[in-house]
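Below: the structure, in structure tokens.
The values are calculated or read from the model by the stated rules, or taken from the named source; none is laboratory data. Everything quoted here is computed from the prediction, not taken from an experiment. Using ideal geometry, Cβ is built from the backbone for each residue, glycine included, and neighbour counts are taken over all protein chains shown. The protein model used for the area step is the full one, side chains on, heavy atoms only, and it has no ligands, DNA or RNA in it. Shrake-Rupley method; radii C 1.70, N 1.55, O 1.52, S 1.80 Å.
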Amino acid sequence: MTGRSLARIGLAVPALLVIGGALIGPWLVGGDPGEIVALPYTSPEPGLPLGADHSGRDVLDRLLAGGRPLVLVPVTAVVLTAVLGTATGMAAGYFGGVWDAVVSRWDGILLTVPPILVLLVLLHGWGYSSFTLILVVLVVGVPFVSRMVRAATRQVMRDGYVEQAIAQGERPMAVLVREILPNVLRPIVADAGTRLAIAVTLTASAGFLGFGPDEPNWGAMISQNVEGIGLTPWGVIAPASCLATLAVSANLALDRFAARIGR
């Protein structure tokens, strides 16, 4: 087995453990993850492998129960971001004119707004929910994808096969789907890794900032237990490690998939 294969396995195993644990973790929790089982910040001991959190709840149970939203919500949001950003960007690059001007100006306005400001405004205005978090990712991510796809579309349209398809009277939708989309797919997939990492960060930040119900959430766990990190660090280290592994592994996986598309 080569060193490269070992490196791939070394990256894949933690990622699969984190993603699998996040998805099936709620089914593995033995009892109520909100139940107080020990004194606050109790160190790891038999029955409490990761110790207790700031309220005396089992850190491992809350870790298992708190990861699913940080996988499902970001993935859903990034898929929608890629679809909407690709559609608007390809349309702007292909049709030009007024449509291009409107999309470009709108993208430029949204790109100037800090993501954390979008998160705070929408959470305060509409409350904490999966829909609100997905909307935050869309507002933050669609302009980036749209601008990137617009530039890629305009470049592809200079190629002879696209000009030939247009000259033969192909309908715009046929040209966009059959001729242009396959040639702009690689940067879209590569960028999706970055979008997913940002989506995970924004979703976790909502819990870290104290939004949402008092339910297990990796972001909220970091915020709640940071004051006791000197007593028992696992309430912070465990969820932070899971978040980092999730973001980095998703980014690397999509980069590798994008590289395969380009071959």
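Mean-square fluctuations from a GNM of the chain, with a 10 angstrom spring cutoff on Cα atoms, peak among 115, 49, 33 at 49. Across the chain, the relative contact order, built from alpha-carbon pairs under 8 Å that are at least six residues apart, equals 23 percent. Say we join alpha carbon atoms closer than 10 Å with springs in a Gaussian network model of the chain; which of 174, 22, 192 then has the biggest fluctuation? Of the options given, 174 has the highest mean-square fluctuation. For the stretch 68-161, the share of accessible area belonging to carbon and sulfur comes to 73 percent (1.4 Å probe, ligands and nucleic acids excluded). Which of 221, 240, 250 sits closest to the plus end of the dipole of the stretch 157-262, meaning its Cα is farthest towards the positive end, when Lys and Arg get +1 and Asp and Glu get -1 on the C-beta? Value computed over the given set: 250. Among 148, 221, 173, the sequence by solvent-accessible area, most first, with a 1.4 Å probe is 173, 148, 221. Reducing the stretch 78-101 and the stretch 21-76 to their Cα centroids gives an inter-centroid distance of 42 Å. For the chain, the 222 nm mean residue ellipticity estimated from helices alone, with every DSSP H stretch of n ≥ 4 adding -39500 (n - 2.57) and the total spread over all residues, rounds to -24000 deg cm²/dmol.
Karplus-derived 3J(HN,Hα) values for the stretch 155-163, using 6.51 cos²θ - 1.76 cosθ + 1.60 with θ = phi - 60°, are 6, 5, 5, 7, 6, x, 5, 6, 4 Hz; glycine and proline are entered as x.
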